[in-house]
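Engineer: My questions will all concern the structure given below.
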Amino acid sequence: SAPKVTRSGSSQAKKSQHAEEAIFYMNCRAAYLTVLKSSLENIKSKEQLSLVLQQAGRNPSQETVNKYWTSQTTTLNFDDFCTILKQEKPATKTELLEAFGKIDTDNTGYILHDELYRILTTRGEKMTRDEVNTIIKQADFNCSGKLDYNKFCDFYMTTSEQCCKAAREKLEVDNRLRQHQFGSQAETSTEGTTLPVSKPSPRISRKTDHKVAPTKGDSRTPSRPSSAQSCKGSVSTSLSVGGSSHRNTKLIEPDTMKEWQCAQSKGCFYLEDDGEIISHKYKLHLPQRSTVCITIKPLSVRQVEGKSCHWLSVDTALYILKENETQENLQFVSFTDQQNKEVFGWKGELGSGVYWLLPFTTGCRLKKVKPQITGEAKLVYRGEDGELALTKEFRATLSDIFETIDLDGNGLLSLEEYNFFELRTSGEKCDEEAWAVCKENFDMKKNELTRQGFMDLNLMEANDREGDPSDLWVTLLSLGYNKALEMTEACPFVIDIYAEKCKPRIKAVYLEAGSSQLNRAICKSVVNKGEAKVMDGCENVTVYTCKAGRRITSVIENKSENKVIIHVNNEQSKNCLSNRGLTVFAVEVAPKSMMVSQHVMPLNEQEEWLYNCVHSLV
């Protein structure tokens, strides 16, 4: 009976977790739709962001708002809002009482109004006297020139809950808003094909000539209702996949390929603070028609005993697009759907011309994790002569970084390669004049920076700050390292191109987030190779499911004139990991468009896994 009790407890815990997730997203949607008309509409200003956060029971400071709305932010979508709410937990009464307790050192339970004025108008995010007056005029928690902060905390918690409750009630009462109850919790990299290029990282200057598709907010409202909204239906898909011993092994390189000409480039996936993934993008030049083999795999850099090599388990893929007359008009060719261990590849014939290679990872394994590190690695120290030096551990890490950013693998950093590093870590670029100054001060060969020169450059940065490692940590964290110098939020990779009849050339051209071109390519690959199921009783909605290697991707196509809301349930799946991070969620699909519903991979590759997903129309 013990196993039964355990299973029952586990089942109850799962149900409880699903219920909590559903409540969280209902509250997110309720708050969002109190301020905005639709979950497809974006937050367009700091003021709107502050307002929707307040409607969700938060009380954001200007510092908090500025953290998510930087100088480069133009809009935030509903998914961004959900991510922010996950990070910005509402204050608890205990936390509020602790804060007041630091002022009330005698533990009387009261704070004099004069003291409150002084603190709130001079410290931290300063309030005006009128704002403070608004607090002390409330009779419920003020008397005899003092604030009863215990009562104030009760009032604060009640007001916060009332905000959330009012938003929920409005959502429930208003039939129009009720249709939006399960909006899109889509990752940036899985947005619909009519949606925009993802927003740039605060650390990256996006090329100004890179055109984007219309934004979500630009979707027109249809003049007539669609049958898709009035009907109800569902689609169930089930796939059982064996353990890792059943991996696809089609990608076998023939002996003749050793004679083929080869080009190689490295690159990296970087995880942003908001969960977005950015990476290098490449152009491939083929001077003549040829059979080619294109592969991508995680780059194996130095591995230290006892340290995590998390990036080696991250899934990688390449989408191949043909450039026609304009860069915006790219034609989807194929993707690396064959797998042999950690290598994903594609083999076929390509005509002469220019191709784009767009790296992709699902985000199933490259995602934010709570840091478990309590200490901080030492980066610099002073020797017996008083001079600063880099620690052995930091030098080894810098060597790994050098290996990753040396894209062509020639053991030297060109100005182009160094500028990808600079864009990632500082958001700026080094021009020819600054590079000439580097040449005078640091070791270079053929106008390219050596590994030793790169080390000395970082040592100079430490000297400039008199040993303060703050700037060095900014660099390390932006490259995906944690405080223990483990790479946990990045995945370096290497691309190899073999061509039978010509010399291929590959060049990294951008470092940016997934574009609408990539989203279109993902959707097209699933539609071309996947199984299509029309939703029962609703012919306007089709769900496509495709297995490629150790990844299953589902795409929803909405042929109607209106947006549809699809509820996605993975509760019957076993040993599965979704890029959504949720077992049950929902998405909004814009009119006449397709979007990725989810990517799923096995949680434990050694064991069998079952993908069992139900898509239902809300």
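Engineer: Return the FRET efficiency for the residue pair residue 103, residue 162: r is the Cβ-Cβ distance, R0 is 30 Å, and the value is rounded to the nearest 0.05.
Structural biologist: Taking R0 as 30 Å, the efficiency between residue 103 and residue 162 is 0.70.
Engineer: I would also like to ask the following. On the protein heavy atoms, probe 1.4 angstrom, tell me the percent of accessible surface of region 377-487 carried by carbon and sulfur.
Structural biologist: Of the solvent-accessible surface of region 377-487, carbon and sulfur hold 47 percent.
Engineer: Given the peptides 544-551, 83-90, arrange them by the average over their residues of other C-beta atoms within 10 Å, most packed first.
Structural biologist: Top to bottom by mean Cβ count within 10 Å: 544-551, 83-90.
Engineer: May I ask you to order 60-70, 449-459 by the average number of other C-beta atoms within 10 Å around their residues, highest value first?
Structural biologist: Ranked by mean Cβ neighbours within 10 Å, highest first: 449-459, 60-70.
Engineer: Ranked by accessible surface with a 1.4 Å probe, highest first, in what order do 98, 21 come?
Structural biologist: Sorted by accessible area, descending: 98, 21.
Engineer: Mind checking which aspartates and glutamates have their Cα closer than 16 Å to the Cα of residue 574? Skip sequence neighbours fewer than 8 apart in that chain.
Structural biologist: 605, 607, 608
Engineer: Within 10 Å, count the other beta carbons around each residue, average over each peptide in 44-53, 378-387, and list them highest first.
Structural biologist: Highest to lowest by the protection proxy: 44-53, 378-387.
Engineer: Keeping all protein chains in the complex and leaving out DNA, RNA and ligands, what accessible area do you get for residue 361 with a 1.4 Å probe, in Å² to the nearest 10?
Structural biologist: Approximately 10 Å² of residue 361 is accessible to the 1.4 Å probe.
Engineer: With respect to the cross-link table entries 322/533; 370/547; 266/507; 341/547; 258/501, which display a Cα-Cα separation exceeding 19 Å?
Structural biologist: 322/533; 370/547
Engineer: If I compute solvent accessible area with a 1.4 Å probe over the protein chains, what percent of it on region 93-162 is carbon and sulfur?
Structural biologist: 51
Engineer: With all protein chains present, calculate the accessible area of residue 238 using a 1.4 Å probe and round the result to the nearest 10 Å².
Structural biologist: 70
Engineer: When ligands, DNA and RNA are left out and all protein chains stay put, how many square angstrom of accessible area per residue does region 16-87 have with a 1.4 Å probe?
Structural biologist: 43
Engineer: Given a Förster radius of 60 Å and the C-beta distance between residue 86 and residue 503 as r, what FRET efficiency does 1/(1 + (r/R0)^6) yield to the nearest 0.05?
Structural biologist: Here the calculated transfer efficiency is 0.80.
Engineer: Under a crude label model (7 Å from the Cα following the beta-carbon direction), how far is residue 429 from residue 376 in nanometres?
Structural biologist: For residue 429 paired with residue 376, the spin-label model returns 3.3 nm.
Engineer: May I ask for the net charge around residue 554, where only other residues with Cβ less than 12 Å from the Cβ of residue 554 are counted and Lys, Arg are +1 while Asp, Glu are -1?
Structural biologist: Value of the local net charge: +2.
Engineer: Given axes a ≥ b ≥ c from the Cα gyration tensor, I'd like to know whether region 93-162 is rounded (a/c under 1.5), prolate (a/b larger than b/c) or oblate.
Structural biologist: rounded
The values are calculated or read from the model by the stated rules, or taken from the named source; none is laboratory data. Model, not experiment: these values are computed from the prediction. Positions of Cβ are backbone-derived with ideal geometry, glycine not excepted, and every protein chain shown enters the neighbour counts. The area values use the complete protein model at the heavy-atom level, side chains included, leaving out ligands, DNA and RNA. Shrake-Rupley method; radii C 1.70, N 1.55, O 1.52, S 1.80 Å.
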